[in-house]
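Worksheet: the structure to be examined is printed underneath.
The values are calculated or read from the model by the stated rules, or taken from the named source; none is laboratory data. Model, not experiment: these values are computed from the prediction. Note that each Cβ is placed from the backbone with ideal geometry, even for glycine, and that neighbours are counted across all protein chains shown. Calculation scope for accessible area: heavy atoms of the full protein, side chains included, ligands and nucleic acids excluded. Shrake-Rupley method; radii C 1.70, N 1.55, O 1.52, S 1.80 Å.
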Amino acid sequence: MVDKIVIGVASHKPYRMPIEEIYKPIQVGARGKESIRNYQRDDSDNNISEKNPYFSELTALYWIWKNVHNAEYKGLVHYRRYFSSKKQSLMSKGNFDDILDEHRLRELLSETNVIVPEKRHYYIETMYSHYQHSHNIRDLELLRDEIHQQSPEFDSAFSQMAGSRSAHMFNMMVMKSDLFDSYCQWMFDILFALEDKIDLTNYNRQESRVFGYLSELMMDVWLDGNGIKYKEVPVMFMENQNWVKKGTNFLIRKVLGKSKTSAHMGD
């Protein structure tokens, strides 16, 4: 029987939340801001709340890693994105009744120690070229170099990710606590080292979230590099997605380059 499960729900504003106790709303970027009722602030105890403009939802992930010690499984989702108990259409708006509930989650965790989103497919380009068309490709190359410096045994897994046309995106997961902690240790060690190597001087507000974008691509490197088995679960969006706009922006980036649009990977 799986014991306590804690899944953080990263949010920067008041929003409807799941009613099940396994979900813990976390106010990200809370430093210097008024508290949101019934949310856990990410600036309490051991935290990196001040890094939220650059690390996005990772400030919630860090808070869970450092401050949740009594759970057998830990995870992270978003106020706009959840794991779903059933297959979802990309064109449909998510229903709160379909959020993965504790009963179904426990069934899944009896079969695996790691749950991740279904892979997002890009089809006509690799993850490397997609990042190149969406962000500053130098940052991804710096990530590659830092992984090589700290964990050269993951070089092959990084190359595999970069050449793939799909990835587990969104920084969403549920893992057994020891694996969750191990992943966070590895990921944050690398990202903190990159803070001194990535110059954000000319980055706009969206582009400054670079460490959040990079971390999305680190999940598959860590999973594949460690040979960790996992189960994929559908993701649903709680707000309507403008897929026409997203597709148009993607084609503009592909043809004209990322400077012609503000759309970004993981949006």
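LEU251: over 19 Å from the mean Cα position of the chain (by Cα) and at pLDDT 95 or above, yes or no? Here the answer is no, as LEU251 does not meet what is asked. Restricting attention to segment 25-55, the residues being under 27 Å from ILE198 (Cα atoms) and of a type in the set (Phe, Trp, Tyr) number 2. With a requirement of 2 or more residues that are among the hydrophobic types (A, V, I, L, M, F, W, C), the helices (runs of 4 or more DSSP H) lying completely within segment 67-168 that satisfy it span 102-109, 137-150, 155-163. A count restricted to segment 199-225 and to residues that are touching a Leu at 6+ places or on another chain (Cβ under 9 Å) and either at pLDDT below 95 or surrounded by fewer than 19 Cβ atoms within 10 Å (Cβ to Cβ) (or both) stands at 2.
Here is the figure for segment 69-95: residues that are surrounded by fewer than 18 Cβ atoms within 10 Å (Cβ to Cβ), touching a Lys or Arg at 6+ places or on another chain (Cβ under 9 Å) and either modelled with pLDDT of 95 or more or among the basic types (Lys, Arg) (or both) total 1. If you go through segment 16-58 and keep only what is part of a loop (DSSP other than H, G, I, E, B), touching a Pro at 6+ places or on another chain (Cβ under 9 Å) and free of Cβ contacts under 8 Å to residues at least 40 places away in the same chain, you end up with GLY29, ILE36, ARG37, ASN38, TYR39. Taking the criterion of being more than 14 Å from the chain's Cα centre (by Cα) and either within 16 Å of HIS135 (Cβ to Cβ) or hydroxyl-bearing (Ser, Thr, Tyr) (or both), the residues of segment 172-194 that qualify are SER177, SER182, LEU194. Among all residues of segment 1-15, there is at least one that is modelled with pLDDT under 95, open to solvent by less than 30 Å² (accessible area, probe 1.4 Å), out of contact with any His (no Cβ under 7 Å at 6 or more places or on another chain) and not in a strand (DSSP E or B). Would it be correct to say that MET169 is under 19 Å from the mean Cα position of the chain (by Cα), open to solvent by less than 30 Å² (accessible area, probe 1.4 Å), under 18 Å from GLY212 (Cβ atoms) and not charged (D, E, K, R)? Criteria met by MET169.
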